[in-house]
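Reviewing the structure listed below.
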Amino acid sequence: MSENNTEIILIPTKITSSQIENSITALDKPYIDLLNYLGLPTDNIFSSVDERRKAIFALYSALETLPIEQKSYLSKFVASIINGLFDGALAFLWDETIRALNRLIIGYDLQYFYDVAGSISSKYKGLLSEEELEAISAHDLLEISQRIGLINNINFKRLETVNFFGSSVLTMPNC
C-alpha cells in the first residue's frame, strides 16, 4: 500500500504477502488508536502481523473443503484471525465443536447419553430434552461421548486438551 492508496485488501490471491501485511498493519492502527484513547493497554493484544498473514493464506484452502451449511459460524472466526484475536477465534471454534457434538448426540441416542451422564454425576439425572444438553460441562460431554462410542480415545484426548488449554488461555490475562 502506498501512501496515496489507503485501500485495505486481504484477499490473498489478488496481492502479495507484503501487501497483506501492510493491510493488516493499516487495520491495526484504528484499533490501537481507540485503545490508546480509552487509556487501555495495547501490548500483547493482537497476534503478530506475520502470524495473521500466514493464517489468512491458509484459510482459503482450509475453508474450501467445507460444505456451505458448515460455514455459518466461520465469519466470526475469520474476523478474529484477521484482527489478531486468536483466543477469540479458538472460542468460536470450540463453541461450534460443542454444538456439533450435541447434534451427534441427539442423532445417536439422547436417552442413552443421559443414562450414562447420570452414572457420572447425579446432577445429570433426570435430564431428558435436547435443550438440557447445555447443562452438561464440556469435560463431561466429551467423557460421555467417548464412553458411548461417539468419539474415539485419540479424539477424546485431543478435544480434552483443547478444552483444557482453551479454558486456561481464555482466562489468562494478555492472551
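Laid out as a table, the results:
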item	result
Residue check for Glu134: under 30 Å from Gln19 (Cα atoms) and open to solvent by 50 Å² or more (accessible area, probe 1.4 Å)	no
Condition check for Thr6: modelled with pLDDT of 85 or more and part of a loop (DSSP other than H, G, I, E, B)	no
Residue within the stretch 33-49 that is assigned to a helix (DSSP H, G or I), open to solvent by less than 90 Å² (accessible area, probe 1.4 Å), free of Cβ contacts under 8 Å to residues at least 40 places away in the same chain and closer than 19 Å to Ile11 by Cα present	yes
Residues being in contact with a Pro (Cβ under 7 Å, 6 or more places away or on another chain) and either of a type in the set (Asp, Glu) or open to solvent by less than 90 Å² (accessible area, probe 1.4 Å) (or both) - total across the stretch 50-68	2
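Yes/no per residue for (1) in contact with a helix residue (DSSP H, G or I) (Cβ under 8 Å, 6 or more places away or on another chain); (2) among the aliphatic types (A, V, I, L, M); (3) outside any helix (DSSP H, G or I):
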| position | (1), (2), (3) |
| --- | --- |
| Asp87 | yes, no, no |
| Ala91 | yes, yes, no |
| Arg99 | no, no, no |
| Leu104 | yes, yes, no |
| Leu128 | yes, yes, yes |
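Yes or no, residue by residue, for (1) open to solvent by 90 Å² or more (accessible area, probe 1.4 Å); (2) over 19 Å from Ser47 (Cα atoms):
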{"residue": "Val78", "(1), (2)": "no, no"}
{"residue": "Thr97", "(1), (2)": "no, yes"}
{"residue": "Ala100", "(1), (2)": "no, yes"}
{"residue": "Leu110", "(1), (2)": "no, yes"}
{"residue": "Glu130", "(1), (2)": "yes, yes"}
{"residue": "Ala138", "(1), (2)": "no, yes"}
{"residue": "Leu141", "(1), (2)": "no, yes"}
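The values are calculated or read from the model by the stated rules, or taken from the named source; none is laboratory data. All values reported here derive from a predicted model rather than from experimental measurement. As a convention, Cβ positions derive from the backbone with ideal geometry for all residues, glycine included, and neighbour counts pool all protein chains shown. The protein model used for the area step is the full one, side chains on, heavy atoms only, and it has no ligands, DNA or RNA in it. Shrake-Rupley method; radii C 1.70, N 1.55, O 1.52, S 1.80 Å.
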